[in-house]
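Everything below concerns the one structure shown next.
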Amino acid sequence: MPTVLVLNGPNLNLLGLREPELYGSDTLADIEARCHVVAAHHGIEVDFRQTNHEGELIEAVHAARTGADAVVINAAGYTHTSVALRDALATLDIPVVEVHLTNIHRREPYRHRSFVAEVADALICGAGAHGYPLALTHVSHLLAKGAAS
């Protein structure tokens with residue numbers, strides 16, 4: 001069964017508490033539970049993680065080189081600042097899908113630039129918590145397409 005690493009960056013552990021008018025009332029645990037349901041539907045396994053530390057995200061990406069079949073990532077604030085995370089993601093030979101709860105292109109100008117998008121196969125933003133199931137569905141499609149090639 002293919003494994004998809006779902007990585008979540010800084011402050012996402014505060015979902016449901018932090019600016020619910022912007023990020024919604026779903027907690028990260030709610031999103032994780034939904035991801036497991038969608039993953040099971042598509043015959044994939046989810047390894048769901050969150051960290052507030054850039055180096056831990058990079059280490060998880062390095063481990064994905066041999067331990068995952070795809071990556072879904074919400075790098076949160078590191079999306080707009082971390083060239084190191086972008087470079088780590090660029091080393092992957094597996095699908096990468098970037099996801100954001102809000103539409104980063106309708107936010108503050110500094111959020112419009114995504115270093116992650118430069119190396120991602122797809123970007124899903126502005127769909128709220130539903131963006132994660134959309135990302136997993138797309139990853140499932142990419143994995144099936146790759147198996148057919």
*Specify the residue that is surrounded by the most Cβ atoms within 10 Å (Cβ to Cβ); the eligible residues are those in segment 70-102 that are polar (S, T, N, Q) and more than 25 Å from P133 (Cβ to Cβ).*
S82
*Within segment 1-30, restricting attention to residues that are aliphatic (A, V, I, L, M), assigned to a helix (DSSP H, G or I) and farther than 29 Å from A144 by Cβ, which residue is modelled with the highest pLDDT?*
L14
*Filter segment 31-57 down to residues that are under 22 Å from G9 (Cβ atoms) and part of a helix (DSSP H, G or I), then give me how many there are.*
12
*Could you grab me the full set of residues in segment 103-138 that are of a type outside the set (A, V, I, L, M, F, W, C) and crowded, with 18+ Cβ neighbours inside 10 Å?*
S114, G131, Y132, P133, H138
*Taking segment 98-141 only, how many residues are basic (K, R) and in contact with a His (Cβ under 7 Å, 6 or more places away or on another chain)?*
2
_Given the condition part of a helix (DSSP H, G or I), within 14 Å of the chain's Cα centre (by Cα) and closer than 19 Å to L22 by Cβ, answer yes or no: does some residue in segment 120-128 qualify?_
yes
*Scanning for something under 16 Å from the mean Cα position of the chain (by Cα), among the hydrophobic types (A, V, I, L, M, F, W, C) and in a loop (DSSP other than H, G, I, E, B), does segment 132-149 turn up at least one residue?*
no
_Checking the condition under 20 Å from D121 (Cα atoms), out of contact with any Asp or Glu (no Cβ under 6 Å at 6 or more places or on another chain) and assigned to a strand (DSSP E or B), which residue from V71, V61 passes?_
V71
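The values are calculated or read from the model by the stated rules, or taken from the named source; none is laboratory data. The shown structure was predicted, so the numbers you read here are calculated from the model rather than taken from an experiment. With ideal geometry, Cβ positions are generated from the backbone for all residues, glycine too; neighbour counts draw on all protein chains shown.
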